[in-house]
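The next block holds one structure in the form of structure tokens; read it before the comments.
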Amino acid sequence: MNSIEIESQFTSGLYTKRPIAIVRGKGARLWDSEGREYIDCVGGQGAANIGHANPQVVQAIFEQAATLISCPEMFYNDRRAALEERLCRLTGLPRVFLCNSGTEAVEAAIKFSRLATGRQEIVACMRAFHGRTFGALSATWEKKYREPFEPLVPGFRHVPYNNLEALDAAVGPSTAAVILEVVQGEGGVNPASTEFLRGAQQLCRQRGSLLIIDEVQTGFGRTGRMFAFQHHNLQPDLLCLAKSIAGGIPMGAVLMGDRVGELPPQTHGSTFGGNPLACAASLATIDFIETNHLPERAAELGEWFLGALMRLESPLIRDVRGLGLMVGIELRQKVTPYLQSLMNEGILALPAGLTVIRFLPPLVIDKEDLEVVVEKTRKVLDA
Ligand SMILES: *Cc1c(COP(=O)(O)O)cnc(C)c1O
């Protein structure tokens, strides 16, 4: 049996899979078990900003694996110390909690906001995606993710995205936090307006609530800045990071501002959180992003790519939008057959909801590859 047959027999069944087995990657290219080459615009769902098989990060992982992999936070560690300092300087926030995924980062931020404020309610947005564990799921909007698991955590409500008036009406004396994505990813590649984000920050400060910014998908150069909140000059109280933080090694982080205050010892934790392997991978990833100016690259290439897609004239296209190399094409119909056709043309891309084609290429992608993506997209939408 080949990998597709074996996985089909033994996997959970939770994922809708595409009928190829990816076995190797390099930069923004992937290869399947038949030797077919693809231009990767899935980018590990946002975890592969620095590209596949990145030599510097491979070397850092290799060296750290041979030195020390496990070291719980009851001990100090050299790699963790270096990363904590690096993340704090990079974000301008004074403290950090390390974990292992995006949903865990959101889960921790929700718990910290309840701890810090003594309040219970969380305000999130319609179409938001924050993860699938119970707390993060309660902040997530999509019914199909939520309904089978109800009752969820009490105290969550959702307001329309980019609607400051609705947010104003929802934030009150029991609001622990407002949680927002700077650009909604899974929800359809929807950028927030500066007015909405800065208004949310001001509301939180006036009413004693904390602002949680979820940059699990938008972080580490994706949108053309190291972090998307920097486009809007925000100062989040809690900042959730994961996906590309450690070059594809599982890791998450919550950065905390001064308004969070002291967290009582033993109130939260994680066995794998802050392990030296992930910390070493993250340090090498941040080095690579900075040395190669990946945020600037994402800004430049993203502007070109977005413009080129906007010039596609297809009656199927309802809207083209994005920020940096996080780009979506909203169609007037379901995207699944078009993603399939793109794959047949050697382009791997993601959906965002039912009607949006989402491109999240590694930020190291060449302009020539993006030109091919535009041409193939034109072809597929014309067919
Ligand atoms: C992917 C994602 C998450 C969840 O991350 P996991 O590592 O899959 O748990 C949370 N928030 C946002 C904005 C995401 O894009």
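Only the coordinates and a few stated rules stand behind these numbers; no lab work does. Values in this document were obtained by computation on a predicted structure and should not be read as measured data. Neighbour counts are summed over all protein chains in view; Cβ atoms, including those assigned to glycine, are modelled from backbone coordinates with ideal geometry.
Segment 294-383 gives an Rg/Rh value of 0.93, both radii derived from C-alpha positions and Rh following Kirkwood. Each Lys and Arg Cβ is given +1 and each Asp and Glu Cβ -1; about its Cα centre, the chain then shows a dipole of about 580 debye.
Over all Cα atoms in segment 207-261, the spread is summed up by Rg and Dmax: 11.7, 38 Å.
Quick check on segment 59-111: take the gyration tensor over C-alpha atoms, sort the square-rooted eigenvalues as a ≥ b ≥ c, and tell me if it's rounded (a/c under 1.5), prolate or oblate. Prolate, because a/c is 1.5 or more and a/b exceeds b/c. Once the Cα-Cα distance is subtracted from the 0.36 nm per residue extended length, the Q266 to R132 segment shows a gain of 45.8 nm.
Please report the antiparallel percentage of DSSP beta bridges with both residues in the chain, rounded to the nearest 5. Bridges in the chain are about 65 percent antiparallel. Residues whose amide H comes within less than 5 Å of that of R95, counting only those at least five positions distant or on another chain, are M256 (H built at 1.01 Å from N in the peptide plane). Pairs of Lys residues in the chain are counted when their Cα atoms are under 22 angstrom apart and they lie 8 or more places apart or on different chains; the count is 16.
For segment 114-231, rounded, prolate or oblate, judged on the Cα gyration tensor with a ≥ b ≥ c (square roots of eigenvalues), a/c < 1.5 rounded, else prolate if a/b > b/c? Taking the square roots of the gyration eigenvalues as a ≥ b ≥ c, segment 114-231 is oblate. Taking chymotrypsin sites (Phe, Trp or Tyr not before Pro) in DSSP loop states with no more than 15 other Cβ atoms inside 10 Å as exposed sites, the chain has its longest site-free stretch at 77-383. Taking each DSSP H run with n ≥ 4 as -39500 (n - 2.57) and averaging over every residue of the chain yields -11000 deg cm²/dmol at 222 nm.
Reported to the nearest whole Å, the Cα centre-to-centre distance from segment 97-133 to segment 248-294 is 16. Remark: the chain is approximated by an ellipsoid whose semi-axes, taken from the C-alpha gyration tensor as √(5λ), come to 32, 26, 20 Å, largest first. Computed over segment 11-133, the P(r) curve from all C-alpha pair distances, binned at 5 Å from the origin, holds 2, 7, 10, 14, 18, 17, 14, 11, 6, 2, 0, 0 percent per bin. Contact order for segment 56-291, expressed relative to its length and based on alpha carbon pairs under 8 Å spaced 6+ residues apart, stands at 29 percent. Structure remark: mean-square fluctuation, Gaussian network model of the chain, C-alpha springs under 10 Å; the largest value among G247, G172, G102 belongs to G172. Considering only L241, L360, L115, the mean-square fluctuation computed in a Gaussian network model of the chain, springs between alpha carbons under 10 angstrom, is largest for L115.
Take the chain, connect every pair of alpha-carbon atoms lying under 10 Å apart with a spring to form a Gaussian network, then pick out the residue of D369, D319, D214 with the largest mean-square fluctuation. Its mean-square fluctuation being the largest, the pick is D319. Here each label is just a point 7 Å from Cα along the line to Cβ, and for R311 and Q340 those points are 3.2 nm apart.
Phi angles across segment 79-96 convert, under the Karplus curve 6.51 cos²θ - 1.76 cosθ + 1.60 with θ = phi - 60°, into 3J(HN,Hα) values of 5, 5, 4, 4, 5, 4, 4, 4, 5, 5, 5, 5, 9, x, 10, x, 9, 9 Hz, Gly and Pro given as x.
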